[in-house]
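> Have a look at the structure that comes next, please.
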Amino acid sequence: MQPNIDLSGLKDIHLPPMPSAFPPNASVWYMLAGVIVFAVLIRVALKYRRKLTAKAYTFAEIDRITKQGDAYDKITALLGLLRRMALMKFPKEQVAALHGAQWSAFLRQTLKNKALDKRAARLIELAAYLPPDRLKNADIAPLAATAKQWAAEHL
């Protein structure tokens, strides 16, 4: 080593400036877009799954109702299920006060083909006013079909 080297003329080492945080480079934008697309896809998938689960639960509930109890219990349970589905789909103020012919007309108007089985419509209108011994098991099938049709279109 040479002891006589004069280092007084050297300048300090200058570090480059810190890189700017904005604008980020292209890979950050691609990752951000990927995260957003992934989040949207997850949300759509969960919504679709919830919709399928609601329909499956409703159809299973309709099948369960039609197999248990007497005709009066079955009909009142199906009508209650129809009412709950309508309250889930439409504003409470529009649905809650309907009964009889108004309730039947509302269900008919909200179906896509605007057709409601005549026996089911009569049962929807009069079931609350008929004595339990006048309700028959034969009346349940058209009402269950109407409930399934309404659930398939609105859930």
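> Output the residue which, of all residues in region 118-155 that are at pLDDT below 85 and assigned to a helix (DSSP H, G or I), is nearest to LYS51 (Cα to Cα).
ASP139
> When ASP6 is evaluated against the numbered criteria (1) among the acidic types (Asp, Glu); (2) in a helix (DSSP H, G or I); (3) at pLDDT below 90, which criterion, by number, is the only one it fails?
Status for ASP6: all satisfied but (2).
Okay, residues lined up against (1) closer than 16 Å to HIS154 by Cα; (2) assigned to a helix (DSSP H, G or I):
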site	(1), (2)
VAL40	no, yes
TYR57	yes, yes
ASP63	no, yes
GLY69	no, no
ILE75	no, yes
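> Can I ask one more? All but one of (1) free of Cβ contacts under 8 Å to residues at least 12 places away in the same chain; (2) under 30 Å from GLY100 (Cα atoms) hold for THR76, so report the exception by its number.
(1)
> Continuing with this model, one more query. Within region 95-117, restricting attention to residues that are free of Cβ contacts under 8 Å to residues at least 12 places away in the same chain and assigned to a helix (DSSP H, G or I), which residue is farthest from the chain's Cα centre (by Cα)?
GLN102
> Would you check if ARG50 is of a type in the set (D, E, K, R), without any contact (Cβ under 8 Å) to a residue 12 or more places away in the chain and assigned to a helix (DSSP H, G or I)?
When the stated conditions are applied, ARG50 passes them.
> Do we have THR53 as closer than 24 Å to ARG122 by Cα and either under 22 Å from the mean Cα position of the chain (by Cα) or loosely packed, with under 10 Cβ neighbours inside 10 Å (or both) here?
no
> Turning to a different aspect of this structure: Restricting to region 118-135, what's the tally of residues that are in contact (Cβ under 8 Å) with a residue 60 or more places away in the chain and buried (at least 16 other Cβ atoms within 10 Å of the Cβ)?
Count: 1.
> Next question. Can GLY80 be described as surrounded by 10 or more Cβ atoms within 10 Å (Cβ to Cβ) and under 22 Å from the mean Cα position of the chain (by Cα)?
yes
> Scan region 99-110 residue by residue and report those that are aliphatic (A, V, I, L, M) and either touching a Gly at 6+ places or on another chain (Cβ under 6 Å) or buried (at least 16 other Cβ atoms within 10 Å of the Cβ) (or both).
LEU107
The values are calculated or read from the model by the stated rules, or taken from the named source; none is laboratory data. Quantities reported herein were computed from a predicted structural model and do not represent experimental measurements. Note that each Cβ is placed from the backbone with ideal geometry, even for glycine, and that neighbours are counted across all protein chains shown.
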